[in-house]
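The values are calculated or read from the model by the stated rules, or taken from the named source; none is laboratory data. Keep in mind that what you see is a predicted model, and the values were worked out from it rather than measured. We place every Cβ from the backbone using ideal geometry, glycine too, and count neighbours over all the protein chains shown. For the accessible areas, the whole protein counts, side chains as well, though only heavy atoms, and no ligand, DNA or RNA atoms are used. Shrake-Rupley method; radii C 1.70, N 1.55, O 1.52, S 1.80 Å.
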Amino acid sequence: MIPFLELRPAYLELKPEIDAAVARVLDSGWYILGPEVEAFEAEWAAFCGADHAVGVANGLDALTLALRALDVGPGDEVIVPSNTYIATWLAVSAVGARIVPVEPDPATHNLDPGRIAEAITPATKVILPVHLYGQPVDLDPILTLARAHDIFVVEDAAQAHGAVYKGKRIGSHGDLVCWSFYPGKNLGAVGDAGAVTTNRTDLAERLQALRNYGSTQKYVNDEQGVNSRLDPIQAAVLRVKLTRLEEWTARRHAIAAIYTEGLADTGLILPHVPEWADPAWHLYVVRSPDRDELQARLTAAGIGSLIHYPIPPHMQTAYAGLGMDPDTMPLARQLASEVLSLPMGPHLSSDDARRVVEPLK
């Protein structure tokens, strides 16, 4: 069997360091925020090339609190990809803003910068691109457009740990960049965890208050915040794994290269990587109109695979209230019927990657 992803090998590779880090937190007696969280925030900000990082409880909270920090609410519009995980949309709904979906670039599956301008209205407050599969979005045209219209840019980088756009790591291009450290991510915790990076001190301070009941001083609450604090144990584990992130990303690149070479003549549509992009390879996603047959062939060969994502947000029951016809977003619908994610991770061997290729030929 070749599973789609195994989480335990990452722990086993770093077991002594992770066990020591967890023991350090337990022995400290400091179990909410504190030095361990502050240390990870500083290290993650430095890795991303950002001035600040604010740890929160999970990736969805990172998105929601980022929008709250920008005072996004009822009456505002947020431009989002039609092709994304539903969390991107849920964050907009959580603050009461209006979702404005825009179709993807068929080549990269990411938000198409060329389609954004026609979606902007006087109510548009945020453009929210997603670095899907760990492939960087083309940010320059989005940032130029946003600045011209006095619109904020909030990036969903939940799959882009270590991804590089035009020579600079994802993490500080937009006003706020939101991260998930869900266990299956390139930098994954041993539970839920998240963060927001930014170069703006005012927004970092606002986020620090919002995640902690709206308080910067004990029992003094300046606004209605929430309880969304990065756990010190998760921070300690993330600090250990961060020391290996570059090495693990290189391993992902090696697996992606095996797939790209081995599947070159199969007729499958392979990931398109623009010359300015250096992906994190969170996922390796191929496309085929015969996707279900291909997945069945892999399953029969004992090879795991997943579909990211089988139902676009506008077709989910959760958003039936928007009254959007399935054909309103034809590209998102087409991708949902054709994409297939192959096994990917830093602990997948080269031999196993070549075994994945064989049934697809």
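Selection of region 180-228 for residues being free of Cβ contacts under 8 Å to residues at least 60 places away in the same chain, open to solvent by 70 Å² or more (accessible area, probe 1.4 Å) and part of a loop (DSSP other than H, G, I, E, B) yields Tyr213, Lys218, Tyr219, Asp222, Gln224.
Take Gly262 and tell me if it is over 30 Å from Ala39 (Cα atoms), surrounded by 14 or more Cβ atoms within 10 Å (Cβ to Cβ) and not aliphatic (A, V, I, L, M). So Gly262 fits the description; yes. Residues of region 28-56 that are part of a loop (DSSP other than H, G, I, E, B), under 13 Å from Ile233 (Cα atoms) and in contact (Cβ under 8 Å) with a residue 24 or more places away in the chain: Trp30, Tyr31, Ile32, Leu33, Gly34. The one condition from (1) open to solvent by less than 10 Å² (accessible area, probe 1.4 Å); (2) more than 21 Å from Arg251 (Cβ to Cβ); (3) in contact with a Phe, Trp or Tyr (Cβ under 7 Å, 6 or more places away or on another chain) that Ala157 does not meet is (2).
I'm trying to understand the selection: among the residues of region 1-27, which are farther than 29 Å from Asn212 by Cα and free of Cβ contacts under 8 Å to residues at least 12 places away in the same chain?
Of all residues in region 1-27, those farther than 29 Å from Asn212 by Cα come to 1-17.
Across region 1-27, the qualifying residues are Arg8, Leu12, Lys15, Pro16.
Mind checking whether some residue in region 302-324 is at positive phi and surrounded by 15 or more Cβ atoms within 10 Å (Cβ to Cβ)? Checked against the condition, which is being at positive phi and surrounded by 15 or more Cβ atoms within 10 Å (Cβ to Cβ), region 302-324 yields no hits at all.
For (1) surrounded by fewer than 22 Cβ atoms within 10 Å (Cβ to Cβ); (2) farther than 17 Å from Asp175 by Cα, each residue gets a yes or a no:
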| residue | (1), (2) |
| --- | --- |
| Ile2 | yes, yes |
| Leu7 | yes, yes |
| Ala23 | yes, yes |
| Val37 | no, yes |
| Thr64 | no, no |
| Gly75 | yes, yes |
| Ile79 | no, no |
| Val95 | yes, yes |
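Note on region 67-173: enclosed strands (runs of 3 or more DSSP E) holding 1 or more residues that are without any contact (Cβ under 8 Å) to a residue 24 or more places away in the chain are 98-102.
So, in region 336-355, of the ones that are of a type in the set (Gly, Ala, Ser), in a helix (DSSP H, G or I) and within 23 Å of Asp292 (Cα to Cα), which residue ends up most open to solvent (accessible area, probe 1.4 Å)? Lay out the reasoning, then the answer.
Narrowing region 336-355 to residues of a type in the set (Gly, Ala, Ser): 336-337, 341, 345, 349-350, 353.
Narrowing further to those that are in a helix (DSSP H, G or I): 336-337, 350, 353.
Of the ones still in play, those that are also within 23 Å of Asp292 (Cα to Cα) are 336-337, 353.
Details: Ala336: 8, Ser337: 59, Ala353: 0 Å².
Here the answer is Ser337.
When Ala160, Ala146 are checked against the criterion of being within 13 Å of Val78 (Cβ to Cβ), out of contact with any Lys or Arg (no Cβ under 7 Å at 6 or more places or on another chain) and not charged (D, E, K, R), Ala146 stands alone in meeting it. Considering the conditions (1) in contact with a helix residue (DSSP H, G or I) (Cβ under 6 Å, 6 or more places away or on another chain); (2) open to solvent by 20 Å² or more (accessible area, probe 1.4 Å), Ala46 is excluded by exactly one of them, (1). Of all the listed residues (Glu275, Glu246), the sole one being over 30 Å from Leu12 (Cα atoms), modelled with pLDDT of 95 or more and surrounded by fewer than 16 Cβ atoms within 10 Å (Cβ to Cβ) is Glu275.
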